Amino acid sequence: MRKRPIIIDTDPGIDDALAIAIALFSEELDVRLITTVAGNVSLENVTLNTLRLLHFFGKDVPVAKGAAKPLIVDFVDASNVHGKTGMEGYDFPEPKEELLLSEHAVNAMRRVIMESPEPVTLVPIATLTNIALLFAMYPEVKKNIREIVMMGGSAGRGNKGVMSEFNIATDPEAAQMVFQSGLPIVMAGLDVGLKALVYPEDSEEIKTMGKVGDMAYHLFKRYRGGSFQTGLKMYDSCAVAYLLCPELFEVAETYVGVELHGSMTAGCTVVDLKGYLHKEPNTKVCIDIDGEKFREWFKDSIRKCV
Ligand code: RIB
Ligand code: CA
């Protein structure tokens, strides 16, 4: 079976690390490029973390550095959740620097997309700055993009602001540009991320699943995206899960826009499930997930990371 070509845009980040592992070791996905963007921690740190992960996984995927800050708003990271370096808790090997391209992420994405014999799927699991810049600089890429499957947004409450999710709220203008791109979009937001939980008994099982499982266990001990005892939120794995096991999700096609000017709501995704705005649907929103099946899928996926 032909593997589906994808580009992962990421900000590792503990939950990113597991999503990247699952994608790299899957038999269905061909990770052509990994691009980095400032988000959980600084651009330098997310890039070093990506290069460390690839060295640890033994996967020689090219990496390209992207935006160091959002388009308009000031950059605010999530080191309070992921630790100062973004991946504390495990002794990774040195970054595999030879995988780092000299090209900027946007130029590398353009090259990979335009050279691909079949349409490429973009999998942003971080702030959308690189994706917005790609569409602004090289709109021609859209003809060879199959869809965008993102972790981001929320039809309900937020985890960065009252109503805003971190990836969207960190660069709202970039997110608006992506939702207005006209491309097919799948949004795996907090509505499913908050239910994609790994419990202590899962972590103990994962710990026995080879070196990736052991790595995951040690990262989970430091991850403050939820609680080790009551459930750790595997936000970014939801985007990869949609690609590999879409039946886990309940999806609604609707219009999604990004609030840019609200004094209390800037950065939130406005998910118009009831059509009040009378706008054409532009997004498939994952509105629910089978949490129990996700747990089993997640463990099966980590088991394959050998
Ligand atoms: O809101 C969760 C998202 O923000 C995830 O992508 C996590 O890694 C952080 O980037
Ligand atoms: Ca992320």
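Observations on the model:
- The combined condition, being within 16 Å of ligand 1 (Cβ to nearest atom) and under 15 Å from ASN130 (Cα atoms), is not fulfilled by ASP77.
- Every residue from segment 78-92 that is open to solvent by less than 40 Å² (accessible area, probe 1.4 Å) and part of a loop (DSSP other than H, G, I, E, B): ALA78, GLY83, GLY86, MET87, GLY89, PHE92
- All positions within segment 157-208 that are aromatic (Phe, Trp, Tyr) and within 16 Å of ligand 2 (Cβ to nearest atom): PHE166
- Cβ-Cβ under 7 Å pairs, at least 6 apart or on other chains, segment 149-163 side part of a strand (DSSP E or B), far side within 9 Å of ligand 1 (Cβ to nearest atom) and hydrophobic (A, V, I, L, M, F, W, C): VAL149/ALA239; MET150/ALA239; MET151/ILE125; MET151/ALA239
- Of all the listed residues (LEU273, LEU232, LEU260, LEU277), the sole one being buried (at least 22 other Cβ atoms within 10 Å of the Cβ) and outside any helix (DSSP H, G or I) is LEU232.
- Flag if SER203 is free of Cβ contacts under 8 Å to residues at least 40 places away in the same chain, open to solvent by 30 Å² or more (accessible area, probe 1.4 Å) and small (Gly, Ala, Ser): no
- If you go through segment 235-244 and keep only what is open to solvent by 20 Å² or more (accessible area, probe 1.4 Å) and either in contact with a helix residue (DSSP H, G or I) (Cβ under 7 Å, 6 or more places away or on another chain) or not in a helix (DSSP H, G or I) (or both), you end up with just TYR235.
- So GLU27, is it within 16 Å of ligand 1 (Cβ to nearest atom), within 25 Å of MET215 (Cβ to Cβ) and either over 18 Å from the mean Cα position of the chain (by Cα) or free of Cβ contacts under 8 Å to residues at least 40 places away in the same chain (or both): no
- Candidate set: segment 7-39, residues that are part of a strand (DSSP E or B) and crowded, with 24+ Cβ neighbours inside 10 Å; chosen: the one farthest from ligand 2 (Cβ to nearest atom): ILE7
- Residues within segment 285-306 that are closer than 30 Å to TYR255 by Cβ and open to solvent by less than 70 Å² (accessible area, probe 1.4 Å), tallied: 9
- Residue count for segment 100-142 under the criterion of being touching a residue at least 40 places away in the same chain (Cβ under 8 Å), of a type in the set (A, V, I, L, M) and farther than 15 Å from ILE8 by Cα: the result is 2.
- Residue check for PHE75: more than 11 Å from ligand 2 (Cβ to nearest atom), of a type in the set (Phe, Trp, Tyr) and in a helix (DSSP H, G or I): no
- Number of residues in segment 41-64 that are open to solvent by 10 Å² or more (accessible area, probe 1.4 Å), within 14 Å of ligand 1 (Cβ to nearest atom) and not in a helix (DSSP H, G or I): the value is 1.
- Scanning segment 137-159 for any residue that is polar (S, T, N, Q), open to solvent by less than 10 Å² (accessible area, probe 1.4 Å) and in contact with a helix residue (DSSP H, G or I) (Cβ under 9 Å, 6 or more places away or on another chain) turns up at least one such residue.
- Where LEU71 falls short, out of the listed (1) aliphatic (A, V, I, L, M); (2) farther than 19 Å from ILE148 by Cα; (3) open to solvent by less than 10 Å² (accessible area, probe 1.4 Å): (3)
The values are calculated or read from the model by the stated rules, or taken from the named source; none is laboratory data. Please read all numbers here as calculations on a predicted model, not as lab measurements. Backbone-built Cβ (ideal geometry, glycine too); neighbour counts: all protein chains shown. Quick note on the areas: whole protein, heavy atoms, side chains included, nothing else; ligands and nucleic acids left out. Shrake-Rupley method; radii C 1.70, N 1.55, O 1.52, S 1.80 Å.
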